[in-house]
Amino acid sequence: MLTPKYRRVVVKISGEALAGDQGYGIDPEMAAFVAREIKDVIQQFRVEVAVVVGGGNIWRGIAGSAKGMDRATADYMGMLATTINALALQDALEKAGVDTRVQTAIEMRAIAEPYIRRRAIRHLQKGRVVIFAAGTGSPYFSTDTTAALRAAEVEADAILMAKRGVDGVYDDDPEKNPQARKFESLTYIEMLNRGLGVMDATAASLCMDNNIPVIVFNVREKGNIRRAILGDRIGTYIGSDAACVNS
């Protein structure tokens, strides 16, 4: 039987990934696909899975701020967008037969539990998927930072950064530059020094300080979450160990 490399993971799914080909809003078929991929690894390997979902398919706080909106207000709107996505993913997971809990950093008791670290860990131990919504609960922090923070708090073994259509980290936009080079692996410092924009500096620092590896991959390719959990070489691996330094 195959043995997973990671026993507890945080899957960071971008809002754009949930939008599918329509580019905006939520594609129920894409949500169902992600749910089946998560169900597969839970059933096959009894891996504990938490999810942080972005909100860029509905609203981006930083974009609203750039157009003159108060930054804190724009960011709170973004947190609400992540909650909408979390509820959609919860629905898809439960339709697939996976017990799921949504925990929000801003209390919304009518629709979700408040984020409580020990309760989240207990849910994971019982085989439930926990979806962390509403970011960190504070403005000026990205959902990448949320993923890094929650991964540290629940003592996850890795962050699986599921992208919409990009199969890793490149030195340029592969959709605009066919000569863009894909990185098989990076250190956190190398990622920051190159300004690759995989995640913001706060998220990267949290991962580096807590030695949490990050695997960036294309979520739309069937079986990629499974491959990432098994430790197969897919996408781009970002970590602190010397073995992952590019030559």
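Miscellaneous remarks
- Search result, residues across the range 93-111 that are part of a loop (DSSP other than H, G, I, E, B), of a type outside the set (D, E, K, R) and more than 25 Å from S138 (Cβ to Cβ): A96, G97, V98
- The set of residues in the range 191-204 being in a helix (DSSP H, G or I), in contact (Cβ under 8 Å) with a residue 12 or more places away in the chain, within 20 Å of the chain's Cα centre (by Cα) and surrounded by fewer than 19 Cβ atoms within 10 Å (Cβ to Cβ) consists of L192, T202.
- Residue in the range 109-116 that is surrounded by fewer than 20 Cβ atoms within 10 Å (Cβ to Cβ) and in contact (Cβ under 8 Å) with a residue 40 or more places away in the chain present: no
- Among the residues making up the range 111-164, those that are farther than 21 Å from R226 by Cα and either of a type in the set (A, V, I, L, M) or in contact with a Pro (Cβ under 6 Å, 6 or more places away or on another chain) (or both) are I111, A112, I116, A120, I121, A133, A134, L149, A152.
- Among residues of the range 7-20 that are polar (S, T, N, Q), those with a Cβ under 9 angstrom from a residue that is in a strand (DSSP E or B), sequence gap 6+ or separate chain, pair up as S14/V53; S14/M161; S14/A162; S14/K163.
- Restricting attention to the range 1-46, the residues that are under 17 Å from R150 (Cα atoms) and assigned to a loop (DSSP other than H, G, I, E, B) total 3.
- In the range 121-141, residue modelled with the highest pLDDT [restricted to those that are over 17 Å from L89 (Cα atoms) and among the hydrophobic types (A, V, I, L, M, F, W, C)]: I121
- Selected residue (only one of Y188, Y140 is aromatic (F, W, Y), surrounded by fewer than 21 Cβ atoms within 10 Å (Cβ to Cβ) and more than 15 Å from the chain's Cα centre (by Cα)): Y140
Yes/no matrix, rows are residues, columns are (1) under 25 Å from P139 (Cα atoms); (2) out of contact with any Pro (no Cβ under 8 Å at 6 or more places or on another chain):
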| residue | (1), (2) |
| --- | --- |
| F33 | no, yes |
| K39 | no, yes |
| R46 | no, yes |
| V53 | yes, yes |
| G61 | yes, no |
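- Of the candidates Q43, Q90, the single residue that is free of Cβ contacts under 8 Å to residues at least 12 places away in the same chain and not small (G, A, S) is Q43.
- Evaluation of T145 against (1) out of contact with any Cys (no Cβ under 9 Å at 6 or more places or on another chain); (2) surrounded by fewer than 24 Cβ atoms within 10 Å (Cβ to Cβ); (3) more than 24 Å from L87 (Cα to Cα); (4) among the β-branched types (V, I, T) (one fails), failing number: (3)
- Test: residue in the range 78-86 that is touching a strand residue (DSSP E or B) at 6+ places or on another chain (Cβ under 9 Å), more than 14 Å from W59 (Cα to Cα) and surrounded by fewer than 24 Cβ atoms within 10 Å (Cβ to Cβ): no
One line per residue, one yes/no per condition, for (1) over 19 Å from V52 (Cα atoms); (2) hydrophobic (A, V, I, L, M, F, W, C); (3) out of contact with any helix residue (DSSP H, G or I) (no Cβ under 9 Å at 6 or more places or on another chain):
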| residue | (1), (2), (3) |
| --- | --- |
| T136 | no, no, no |
| A158 | no, yes, no |
| K163 | no, no, no |
| D172 | yes, no, yes |
| A204 | no, yes, no |
| V214 | no, yes, no |
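The values are calculated or read from the model by the stated rules, or taken from the named source; none is laboratory data. The structure presented is a predicted model; accordingly, all values stated were derived computationally and were not measured. Positions of Cβ are generated from backbone atoms using ideal geometry, with glycine treated the same way; all protein chains shown enter the neighbour counts.
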